[in-house]
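Note sheet for the following structure.
The values are calculated or read from the model by the stated rules, or taken from the named source; none is laboratory data. Please read all numbers here as calculations on a predicted model, not as lab measurements. Ideal geometry is used to build each Cβ from the backbone, glycine not excepted, and the neighbour counts take in all protein chains shown.
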Amino acid sequence: MKKIEINPHLFRSLDIRGAEAEFVKAQNIEPGSAKEKSAHGSILSPEIAKVIGRAIAVSQKPKRVVVGHDARRTSPALSKALIDGLLEQGVDVDFIGLVTTDKLYFAIGHYKYDIGVMNTGSHTIKELNGFKISKYKEGKVMPVAKGSGMEQLKEVALEQNFPEVEDKGKLKKIDISEDFEQYILSHFDYQSFNEQRVICDGGNGSAGSAFEGIIDKLPIKATKLYFEPNGEFPNHEPDPMVPENLEELVDRLKNGEGDFGVAWDGDADRISFITPDGEILTGGFITAMLLPWVFKKHPHSTVICTPPMSWACREIALEHNAKVELAEVGNSFVKNAMEKFQAPFAGEEADHFMFNESFNAESGILPLMIILERLTKSGQSFVELLEEAKRGYFVTGDVNIEVQDYEKLLKALNTYYQSNGFSSKLSLGDLQVVLPDYHYNIHPSHNDPVVRLNLEAKSKELLEKGVEDVKKLIKELS
């Protein structure tokens, strides 16, 4: 077999991600540059996907694998090639077709597959794609990532010394939609939900295909935007954390067409909530809205948050005689912390929410169901429920700041604050600073050459002042 050339940077700490060959070649990327080391500079072709399939088989040694894909234009060919590689190495594969990532996670947890592979580019531009690999472990869905199998997979894929296998694997195509929908609905008395007006933006990803059957069973008035899967993403890019992508949803809310809105990314493992006046909520405030439901289901438990999260979450936990533990930003770090602390829930600022009820993996539909239940039982409006959860805090959400050397910057900031008598701590890969008027967190992006600032204060004026002060200091120290 001819050895396939693979950019080693295709294999990242949390997943595998690359781009179409034509897209990479058109950029004329300098060898050794930062872009060559990114997903934008790493070719992911069907030939490479087949090698990855074989490498999964050899490095992880699964007997049964489930594979699904998102709505991207390259996903059908990539997932087919990956499956061919698995079959060639003697692994049986169940193919579930176009799904959301949380539907793939459900399949792993519910049917106890050894490995599950989601072919998705998540929230990125249409030219990018990739694979999220997970495994079943004692009732939980855990990532195959750095420290849990990615290094071995990468090594096998790059070496390509695959053993010959006489008995090839068997392929089955199955539909898990009914089981998935029934499982989600079984956690709620959904027929009693109040008649909320919810504007739902599927972003032309896979959310519509997976969630429409659930939403249609609810006694709500749902306005469905872009539920049709279309890998060209003709209406907006599939990232609901970018305000420009939610302009139509926000306009409809401001025109009084809905009580609140939700939007999903390309593979629907993220869900964003939007207020009637068009405010896109941070993951911290969404977490604060979800926690009372979590603590009712799991009294006095420990939950996991990432360092940028609102201090409102800690206050709510204390009120319920519960506890918040912090984990480093990143899917595998959060899930490992859930396992360590036996936590039934984790929330990330990036709108990822993981539940015991979803096998400790992200769910893009459970947060909506939980908010609908809380609105019904409390009799409150969405805004009232939110204001109660905020506990008077104001937050920035992610503020991206371009830097050349984030490690050098974080050390310089830490030294500055400590030498001036302020509370500053480098921990979990982040810098956490507590000042008299506000507190903030800075952490590096796993995907882009930026640091992300998240700042929280007790007034909008202090919030704006804090961002201005931090940006000025970063400029001085860079």
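Collect the residues in the range 139-163 that are surrounded by fewer than 16 Cβ atoms within 10 Å (Cβ to Cβ) and modelled with pLDDT of 95 or more, keeping them in residue-number order. Within the range 139-163, GLY139, GLU151, GLN152, GLU155, GLU159, GLN160, ASN161, PRO163 qualify. Inspect the range 235-247 for any residue being among the β-branched types (Val, Ile, Thr) and farther than 25 Å from ILE16 by Cα and give the result as yes or no. Looking through the range 235-247, none of the residues is among the β-branched types (Val, Ile, Thr) and farther than 25 Å from ILE16 by Cα. Being within 30 Å of the chain's Cα centre (by Cα) and among the hydrophobic types (A, V, I, L, M, F, W, C) is the filter; apply it to the range 418-434 and report the residue that is surrounded by the most Cβ atoms within 10 Å (Cβ to Cβ). Among them, the one singled out is LEU431. Would you check if there is a residue in the range 332-339 being basic (Lys, Arg) and over 22 Å from PRO240 (Cα atoms)? Yes, because at least one residue in the range 332-339 is basic (Lys, Arg) and over 22 Å from PRO240 (Cα atoms).
Conditions (1) more than 14 Å from VAL117 (Cα to Cα); (2) over 25 Å from the mean Cα position of the chain (by Cα); (3) charged (D, E, K, R), marked per residue:
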| site | (1), (2), (3) |
| --- | --- |
| GLU5 | yes, yes, yes |
| ILE43 | yes, no, no |
| GLY53 | no, no, no |
| VAL67 | no, no, no |
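This table checks each residue for (1) free of Cβ contacts under 8 Å to residues at least 60 places away in the same chain; (2) touching a His at 6+ places or on another chain (Cβ under 8 Å).
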{"position": "LYS2", "(1), (2)": "yes, no"}
{"position": "ILE6", "(1), (2)": "no, no"}
{"position": "ARG12", "(1), (2)": "no, yes"}
{"position": "ARG17", "(1), (2)": "no, no"}
{"position": "ASN28", "(1), (2)": "yes, no"}
{"position": "GLU36", "(1), (2)": "yes, yes"}
{"position": "SER42", "(1), (2)": "yes, yes"}
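Determine whether LYS35 is basic (Lys, Arg) and modelled with pLDDT under 90. Considered against the rule, which asks whether it is basic (Lys, Arg) and modelled with pLDDT under 90, LYS35 comes out as yes.
VAL156 meets the conditions (1) in a loop (DSSP other than H, G, I, E, B); (2) under 29 Å from ARG73 (Cα atoms); (3) over 18 Å from the mean Cα position of the chain (by Cα) in every case but one. The failed one is (1). Listed by position, the helices (runs of 4 or more DSSP H) contained in the range 308-403 that have at least 2 residues being farther than 21 Å from LYS140 by Cα and either modelled with pLDDT under 95 or out of contact with any Asp or Glu (no Cβ under 8 Å at 6 or more places or on another chain) (or both) are 312-319, 366-378, 382-390. Candidates ASP259, ASP269: the one that is at pLDDT 95 or above, touching a strand residue (DSSP E or B) at 6+ places or on another chain (Cβ under 9 Å) and surrounded by fewer than 22 Cβ atoms within 10 Å (Cβ to Cβ) is ASP259.
Residues that are free of Cβ contacts under 8 Å to residues at least 12 places away in the same chain and closer than 30 Å to GLY18 by Cβ occur at least once in the range 408-425.
Taking the range 216-241, which residues are out of contact with any helix residue (DSSP H, G or I) (no Cβ under 8 Å at 6 or more places or on another chain) and not polar (S, T, N, Q)? Answer for the range 216-241, where residues must be out of contact with any helix residue (DSSP H, G or I) (no Cβ under 8 Å at 6 or more places or on another chain) and not polar (S, T, N, Q): ASP216, LYS221, GLU232, PHE233, PRO234, MET241.
Comparison of ILE6, ILE56 shows that the only residue that is surrounded by fewer than 23 Cβ atoms within 10 Å (Cβ to Cβ), of a type in the set (A, V, I, L, M, F, W, C) and on the phi < 0 side of the Ramachandran plot is ILE6. Kindly establish whether THR415 is assigned to a helix (DSSP H, G or I), at pLDDT 90 or above, loosely packed, with under 14 Cβ neighbours inside 10 Å and polar (S, T, N, Q). Criteria met by THR415.
Picking from residues in the range 164-179 that are among the charged types (D, E, K, R) and under 30 Å from GLY213 (Cβ atoms), the one that is surrounded by the most Cβ atoms within 10 Å (Cβ to Cβ) is ASP179. Of all residues in the range 314-360, exactly one satisfies the criterion of being basic (Lys, Arg) and in contact (Cβ under 8 Å) with a residue 24 or more places away in the chain, namely LYS335.
Among all residues of the range 422-434, there is none that is of a type in the set (Asp, Glu), within 30 Å of ASP259 (Cα to Cα) and in contact with a strand residue (DSSP E or B) (Cβ under 8 Å, 6 or more places away or on another chain). Residue count for the range 297-312, restricted to those that are in contact with a helix residue (DSSP H, G or I) (Cβ under 9 Å, 6 or more places away or on another chain), surrounded by fewer than 24 Cβ atoms within 10 Å (Cβ to Cβ) and of a type outside the set (Phe, Trp, Tyr): 5. Can SER209 be described as under 30 Å from LYS63 (Cβ atoms), touching a helix residue (DSSP H, G or I) at 6+ places or on another chain (Cβ under 9 Å) and not basic (Lys, Arg)? When the stated conditions are applied, SER209 passes them.
Considering the range 205-243, and only residues there that are outside any helix (DSSP H, G or I) and of a type in the set (S, T, N, Q), the residue that is nearest to ASN194 (Cα to Cα) turns out to be THR223.
When the range 272-296 is filtered for residues that are of a type in the set (Val, Ile, Thr) and either modelled with pLDDT of 95 or more or surrounded by fewer than 24 Cβ atoms within 10 Å (Cβ to Cβ) (or both), the ones remaining, listed by number, are ILE274, THR275, ILE280, ILE286, THR287, VAL294. Checking each residue of the range 178-193 against the condition of being in a strand (DSSP E or B), acidic (Asp, Glu) and closer than 17 Å to PRO367 by Cβ gives no match.
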